[in-house]
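S.K.: One structure, pasted below without further comment.
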Amino acid sequence: MSGALSLGHGSGGRLTQQLTQRILSRFGEARFPSASRRPDFQADFQMEDCAFIDAGCGACGSEDDGGGKTAVSIDGFTVFPHDFPGGDIGKLAVCGSANDLAVRGAEPLFLALSLIIEEGLDVAVLDRYMDSAAQAAGEGRVALAAGDTKVVPRGAADKLFITTCAIGRRVSPHVLRTSNLRDGDALILSTAPGRHGAALAAARFGLDAPGLTSDCALLWPALSPLLRFSGLRCMRDCTRGGLGTVLCEWAEASPLGIEVYETSVPADTETAAVCDILGFDPLYLASEGCALAAVAPEQAEECLVALRESPLCRDAAVIGRMISEHPRMVGMRTRIGGMRFVDMPAGELLPRIC
């Protein structure tokens, strides 16, 4: 990668992957051997939604499976517009950050909140977004533990940017990660993909899409019942880059391939309509209340029953499986019986969706 960064580097797709790897390489032990590792610190820095850390304190503990008990994640939110059907930047910041912990089997407990505020923002508007964030945090029983505010000159930011750091406690008895994936594992999608991106696109382009709202929601109540299943391998929320990117990341992180069945993927009528008008594919549009889970095939039906207990997951379905054929690639069995190759988006479909 060379030259100037583009909006595509924030898409969650191939360019984002390259940028992330470039940044992480600056902190590698080969470059800074004395500073990159503390002797009393262990961390799980795989390409997952949050890290598990054990800093040698008795409260954290140390697990035989290599993962600590303390979960931590950080995220930034620049969504445009700040208000969208089904939510706003305040609710999104809390849900998006907490969900990064939930999909790794960690209960979100604390939140640090940093605000970059542009000069001229109406105080009443800021209050409204903070009320929305506080409501989401209250519903998730997540406590505000630390914060910071900065005000920058007009034109230096788009009204409001929010950075959050979520901290929680791992509840899953084993660490959920992509290296757990096994041949034959069932892939379960919790709900129809792409609703957040479609709702933002409709709001941004002035499309009339009655009934279409973002799926922005806290996932912990829906996903935590799955943690009792020993066959639960890993989970991921389908944010930037959508379901298609998650599938590709899982395939590329394992020696296995993935087969997905187009007719099994839950579909939302309003999302499909917006995508038809704008030429988008719901497979790559962001979701903020949708998760993909990989489970042992013999426990797939039980996991579906548990998921469907949540109002967020009533249309949860098995959409595919891990296979030994075409390793590190994703194939979608189409409605007409053909096989479609699924790859990560190369650029930005819809910038600033989170």
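S.K.: Order of Glu249, Glu288 from fewest to most other C-beta atoms within 10 Å?
M.R.: The most exposed by this proxy come first: Glu249, Glu288.
S.K.: Then there's this: Which of Asp158, Asp49 has the fewest other C-beta atoms within 10 Å, and how do the rest follow up to the most?
M.R.: So the residues, fewest neighbours to most, are Asp158, Asp49.
S.K.: Indicate, rounded to the nearest 5 percent, the antiparallel portion of the DSSP beta bridges found entirely in segment 77-149.
M.R.: Around 25 percent of the beta bridges assigned by DSSP in segment 77-149 are antiparallel ones.
S.K.: Then there's this: Straight-line reach from Lys150: which lysines have a Cα under 17 Å away, not including same-chain ones fewer than 8 places off?
M.R.: Partners found: Lys159.
S.K.: Here's something else I'd like to know. What's the ranking of 311-320, 97-106, 328-337, 239-248 by average number of surrounding C-beta atoms within 10 Å, highest first?
M.R.: For the peptides 311-320, 97-106, 328-337, 239-248, the packing ranking is 97-106, 239-248, 311-320, 328-337.
S.K.: Using the membrane-span-like helix rule (whole DSSP H runs, Cα extent along the own axis of at least 18 Å, mean Kyte-Doolittle hydropathy at least 0.0), which helices of the chain qualify?
M.R.: Flagged H segments are 89-102, 123-139.
S.K.: What percentage of all Cα-Cα pairs in segment 112-222 are separated by more than 23 Å?
M.R.: On the way: 3325 of 6105 pairs.
Within segment 112-222, distances greater than 23 Å cover 54 percent of Cα pairs.
S.K.: Relative to the compact-globule scaling 2.2 N^0.38 Å, provide the ratio for the alpha-carbon radius of gyration of the chain.
M.R.: 0.97
S.K.: Continuing with this model, one more query. Under 20 °C and 1.002 mPa s, how fast does segment 292-354 diffuse according to Stokes-Einstein, given a Kirkwood radius computed over C-alpha pairs? Answer in µm²/s, whole number.
M.R.: Working: Rh = 14.8 Å.
Stokes-Einstein gives a translational diffusion coefficient of 145 µm²/s.
S.K.: Oh, and also: Counting chymotrypsin sites (Phe, Trp or Tyr not before Pro) as exposed when in a DSSP loop with at most 12 other beta carbons within 10 Å, what is the longest stretch of the chain free of them?
M.R.: Between the exposed loop sites, the longest stretch runs 46-354.
S.K.: Here is a follow-up. Rounded to the nearest 0.05, what FRET efficiency do Thr20 and Arg328 give with R0 = 22 Å and r taken as the Cβ-Cβ distance? Could you check?
M.R.: Values: r = 18 Å, r/R0 = 0.84.
Efficiency, rounded to the nearest 0.05: 0.75.
S.K.: Take Val260, Val152, Val142 and order them by how many other Cβ atoms sit within 10 Å, fewest up front.
M.R.: Lowest count first: Val152, Val260, Val142.
S.K.: Could you grab the relative contact order for the chain? Cα pairs under 8 Å, six or more apart, rounded to a whole percent.
M.R.: 23
S.K.: Let me ask something else about it. State the antiparallel share, in %, of DSSP beta bridges confined to the chain, rounding to the nearest 5.
M.R.: Roughly 80 percent of the beta bridges in the chain run antiparallel, per DSSP.
S.K.: Modelled label-to-label distance, Ala156 and Met339, 7 Å Cα→beta-carbon offset: nm?
M.R.: So the label points at Ala156 and Met339 sit 5.5 nm apart.
S.K.: Can you give the three extents of the C-alpha atoms in segment 177-302 along their principal axes, from longest to shortest, in whole Å?
M.R.: Ordered largest first, segment 177-302 gives principal extents of 46, 30, 23 Å.
Read-outs throughout are calculated quantities, based only on the coordinates presented, and are distinct from any laboratory measurement. Computed from a predicted structure; not experimentally measured. Glycine gets a Cβ as well: all are built from the backbone with ideal geometry, and neighbour counts include every protein chain shown.
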